[in-house]
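See below for the structure under consideration.
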Amino acid sequence: MKTLDILILGSGPAALCLASELAKQNLTIMGISTKSPKAKWENTYGIWASELEELGLESLLSHRWSNTVSFFGNGISEKGNKSTEHRYDYGLINQEAFQNELLKKCKGIEWLNETAKQITEEKNISEVICFSGLKLKARLVIDASGHKSNFIKRPERKNVAQQAAYGIVGKFSSPPVEKDQFVLMDFRPDHLNKNEKISSPSFLYAMDLGNETYFVEETSLASYPALSQDRLKKRLFTRLENKGVKIKEIYHEENCLFPMNLPLPLKKQFVLGFGGAASMVHPASGYMIGSLLRRAPLLAEKLAIYLKEPNQSSIELASKGWEVLWPNELTQRHKLYQYGLQRLMRFDEGKLRSFFSSFFKLSTKEWVGFLTNTLPLPKLIYVMSKMFINSPLKIKLGMLNIN
């Protein structure tokens, strides 16, 4: 087999987002994955509607909510039912439509049902040896197989924090949220005992899907060790029971677990990453789809230019790719988000409720930009400084790690 320009590992959202852009560049590309790129994606993907609107992709939303709220117990009464109204549209991506749209753009790219066992670089070319024994050569290998990648080198970090969630789509004895409502965070802890309030806080993420069907998910923002699925499931059921809501039928169960503060990959290596493998999960929110869609086009265009140079080795191509993916601006923003996350992880549920109640008092542009990682570095510093200044004393002390 001839040497490919690019070999992609993976077939999930990250792999297809990048492959769909690379397919426009007149390159020889192939993908390998343990799953078919046509296999149904398991998890749901929520996104602020504006992120898709800016890309002309809002038609990919299966649901859209204007009634978007959170509950933080008002910082006074844990049972306080007064909502924080976000007044900003949120959507649920139509997984099948999104997947099919990307696959349609991947015209000409073949995926093999293979799994990479080893990747080596020799004579400026990368060779992938699959578990089946198949050997494939490419000028550049891109690992988009997820955060568990064995081929992306990064600084070691102990105690990597993870976001965990357990959710269900189903029918209930009474509505767990209001009609046509999306709940970003319900941190009200009145269903928890004293010990649970102190350790590893979690919140409800929920939405009305119509036809008396709802999605409810108990989510841990980030913790080490991560909350177990059993513990989150128990908390969700206790939360619903406390509301007098019983589960009548479950259509779908969802289990999520992914790292929030993986170190950024080393830039001098001969394999390039994308998506979770490239630490592209937002350290403050856990979101990634918007970032994949925004950052894939530039990376694909630049790689096509670099590949026109016939003498570029795999390590030279990959290193240039890493510079495009993680320029100084994005690297510094990532460090700021990780700094904030480390502080938040020390907060008990009371402080978290107080923090988020203050956070959503920022202007809409500010908090949306923060959560979508679209604020330029100077603006991000300004917003974080403003948040600190406007926070209650206990939050200031917590962010300074004094108490």
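The values are calculated or read from the model by the stated rules, or taken from the named source; none is laboratory data. These figures come from a predicted structure and were not determined experimentally. Here the Cβ positions follow ideal geometry from the backbone for every residue, glycine too, while neighbour counts run over all protein chains shown.
Inspect the range 293-314 for any residue being within 18 Å of the chain's Cα centre (by Cα) and on the phi > 0 side of the Ramachandran plot and give the result as yes or no. No, that holds for no residue.
Apart from one condition, Gly133 fits all of (1) at positive phi; (2) surrounded by 15 or more Cβ atoms within 10 Å (Cβ to Cβ); (3) not aliphatic (A, V, I, L, M); the exception is (2). Examine the range 389-399 for a residue that is free of Cβ contacts under 8 Å to residues at least 40 places away in the same chain, surrounded by 16 or more Cβ atoms within 10 Å (Cβ to Cβ) and within 22 Å of Arg154 (Cβ to Cβ), and state whether such a residue exists. No, the range 389-399 has no match at all. Candidates in the range 234-279 are the residues that are of a type in the set (Phe, Trp, Tyr) and in a strand (DSSP E or B); of these, the one that is modelled with the highest pLDDT is Tyr251.
Among the candidates Leu227, Leu221, Leu204, Leu192, the residue that is crowded, with 19+ Cβ neighbours inside 10 Å and either over 19 Å from the mean Cα position of the chain (by Cα) or in the same structural domain as Phe347 (by TED's automatic domain parsing) (or both) is uniquely Leu192.
Would the range 340-360 turn up any residue that is under 18 Å from the mean Cα position of the chain (by Cα) and free of Cβ contacts under 8 Å to residues at least 40 places away in the same chain? So far as the range 340-360 goes, no, none of its residues is under 18 Å from the mean Cα position of the chain (by Cα) and free of Cβ contacts under 8 Å to residues at least 40 places away in the same chain.
Report yes if Leu27 is in the same structural domain as Lys135 (by TED's automatic domain parsing) and either over 17 Å from Ser145 (Cβ atoms) or touching a Cys at 6+ places or on another chain (Cβ under 8 Å) (or both), otherwise no. Considered against the rule, which asks whether it is in the same structural domain as Lys135 (by TED's automatic domain parsing) and either over 17 Å from Ser145 (Cβ atoms) or touching a Cys at 6+ places or on another chain (Cβ under 8 Å) (or both), Leu27 comes out as yes. Just one of (1) over 27 Å from Ser62 (Cβ atoms); (2) of a type in the set (Gly, Ala, Ser); (3) surrounded by 20 or more Cβ atoms within 10 Å (Cβ to Cβ) fails for Gly244. It is (3).
The single condition from (1) loosely packed, with under 15 Cβ neighbours inside 10 Å; (2) under 23 Å from the mean Cα position of the chain (by Cα); (3) aromatic (Phe, Trp, Tyr) that Tyr382 fails is (2). Just one of the listed residues (Gln332, Gln338, Gln342) is closer than 30 Å to Lys394 by Cα, surrounded by fewer than 20 Cβ atoms within 10 Å (Cβ to Cβ) and modelled with pLDDT of 95 or more, namely Gln332.
Among the residues of this structure, Val183 does not count as one that is in contact with a strand residue (DSSP E or B) (Cβ under 8 Å, 6 or more places away or on another chain), modelled with pLDDT of 95 or more and more than 30 Å from Tyr339 (Cα to Cα). Scanning the range 282-327 for residues that are closer than 18 Å to Leu264 by Cβ, among the polar types (S, T, N, Q) and in contact with a helix residue (DSSP H, G or I) (Cβ under 9 Å, 6 or more places away or on another chain) returns Ser285, Ser291. Please work out if Val368 is more than 24 Å from Ala222 (Cβ to Cβ), of a type in the set (Val, Ile, Thr) and either surrounded by 14 or more Cβ atoms within 10 Å (Cβ to Cβ) or not assigned by TED's automatic domain parsing to the domain that holds Leu184 (or both). No, not satisfied.
Of the residues making up the range 189-233, those that are modelled with pLDDT of 85 or more and not in a strand (DSSP E or B) number 14. Within the range 303-317, the residues that satisfy the criterion of being surrounded by 10 or more Cβ atoms within 10 Å (Cβ to Cβ), of a type outside the set (A, V, I, L, M, F, W, C) and either closer than 21 Å to Ile152 by Cα or in contact (Cβ under 8 Å) with a residue 60 or more places away in the chain (or both) are Tyr306, Gln312, Ser313, Ser314, Glu316.
Would you mind stating whether Arg154 is touching a helix residue (DSSP H, G or I) at 6+ places or on another chain (Cβ under 7 Å), over 30 Å from Asp186 (Cα atoms) and among the basic types (Lys, Arg)? In short, no.
Would you confirm, using the coordinates I've provided, whether Ile93 is touching a helix residue (DSSP H, G or I) at 6+ places or on another chain (Cβ under 7 Å), under 26 Å from Ser149 (Cα atoms) and either among the β-branched types (Val, Ile, Thr) or modelled with pLDDT under 95 (or both)? Yes; evaluated as a whole, the condition is true for this residue.
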